[in-house]
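Values in this text are rule-based calculations from the coordinates and carry no lab data. None of these values were measured; they are calculated from a predicted model. Cβ sites come from the backbone with ideal geometry, for glycine too, and all protein chains shown count toward neighbours.
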Amino acid sequence: MSTDVLEATVMLEALRVTELRLLLSQMGKSKSGLKKDLMKRVVDLLHNECNPELLSAVRELHKLRQVSKDARRSSKPSPVEIISMPACVSPENPLSPISVCTEPQMIKLPFYQTLDTILPPTPLVPMYEGAMQNSDFMFHLSVSQQAQIQNNAVVECVFRICYSESIGVEEDQYPPNISVLVNHANCLIECTYSSNKLGTEPSRPCRPIDLTPNLYLTFTNRLSVLWGNFGKSYTVAVYLVRLVSSQDLLDQLRRTAVEQQELCRRRGEIEIRVDPIFFVYVFILAKMPMSVPCRARGCAHLQCFDASFYLQMNERKPRWTCPVCHRYAPFDELLIDRAVINTTKHNSTLHCRSASELIQLQHCVSIFFFITFAITHKFMKTALSLL
């Protein structure tokens, strides 16, 4: 097996970023970062969670990459291929292969429920020789779309943009120097830049841009996108969405994502002995009692975090990162731990009675860590003096 892992590691060098992202996406891992970061995650998977199906997936992608290179060398147009990954690569549907569409697909956003597609995904095509480009699109709202916007305050028309990758699901990403106008009126774009260097893209997360205030409900709308062309390709789309609050997602989680005690018992978690210090630490982080303990399906740790606080945090800044292991933990993977709920109900010492008690506990923990640090520092200083 070690020889196969070494062979697969060499094959990874020939894969593109999009193909590395596909492997990580189907394994439930984060696909953000540079190519070296993606390579490190896949190599860790090969060494820690290696199985024949994962090795087969790497070989298949490598084979398709070599076929694509041969086709380009012979100057023959290669047909568009749909890559079928092995069944076990997908943790959600282990009984059927995954067909990866070659068209760009935008990631599902939990706080935006898509009601209708107004402008289907369309590539941004550079029209001029300079860096700054201007792309115009025309769209008209249907009668039902007009009625939904007029009669519901939480229904909006939003603009989304992502990379035009050949495979995989893409997160929203603004191009450099982006500016969006609807009917010659500027739309509000909330974005920050990590540096002033020319061609720098806005930092993620990039939220959908609300077009509703500047729309013509009964006339044709003109959408103008000003963007910087620095060698990357983008795809844009316009959707009719319904805004979903963190409380709505929490209610949905309580209805559909409560882990059964039988599953906890199979994993051995039902025998866990809960340490009060453990929950106190979580309380201090959230500044509130942990009312809905949860974690993601792929998380290997037993420690939970509060679902309500986690959803509110991602509503303000959608990172979807587990606060315990820092693994990618999207909303669809969250599970409420029924065993921990029952344990906390029967352990009255884990409940904070008042805000003053919470502050007192926080001070006690801080003093404990301070004393531990002081003792360790004094011991190290004494040891160094003896040397």
Among the chymotrypsin sites (Phe, Trp or Tyr not before Pro) in region 123-200, which ones are in a DSSP loop with at most 16 other Cβ atoms within 10 Å of the Cβ? Mind listing them? Y128
What distance in nm separates the two pseudo spin-label positions at D37 and R255, each 7 Å out from Cα along the beta-carbon direction? 3.6 nm
Phi-based couplings in Hz for region 302-310 (Karplus 6.51, -1.76, 1.60; Gly and Pro marked x): 8, 5, 9, 9, 6, 5, 5, 5, 4
Provide the per-residue ³J(HN,Hα) series for region 52-61, in order, calculated from phi with Karplus coefficients 6.51, -1.76, 1.60 and θ = phi - 60°, each as a whole number of Hz, with x at glycine and proline positions. x, 5, 5, 4, 5, 5, 5, 5, 5, 5
Residues with amide H under 5 Å from that of R327, placed H, sequence gap 5 or more: C322
Distant-in-sequence amide H partners of R222 (H built 1.01 Å from N, under 5 Å): N183
5 angstrom amide H check on V292, placed H, neighbours 5+ away: A307, S308
Which ³J(HN,Hα) values in Hz, rounded to whole numbers, follow from the phi angles of region 232-241 under the Karplus curve 6.51 cos²θ - 1.76 cosθ + 1.60, where θ = phi - 60° and Gly and Pro get x? 10, 9, 10, 10, 10, 7, 10, 10, 9, 10
Can you give me the distance in nm between label points at D332 and V125, each placed 7 Å from the Cα along the Cα-to-Cβ direction? 3.2 nm
Residues Q105 and H140, FRET efficiency given R0 of 30 Å [Cβ-Cβ distance, rounded to 0.05]: 0.75
At what distance in angstrom do the alpha carbon centres of region 1-40 and region 161-212 lie from each other? 27 Å
So, in nm, how far is label Q113 from label V10 when the simple model puts each one 7 Å beyond its Cα toward the Cβ? 5.3 nm
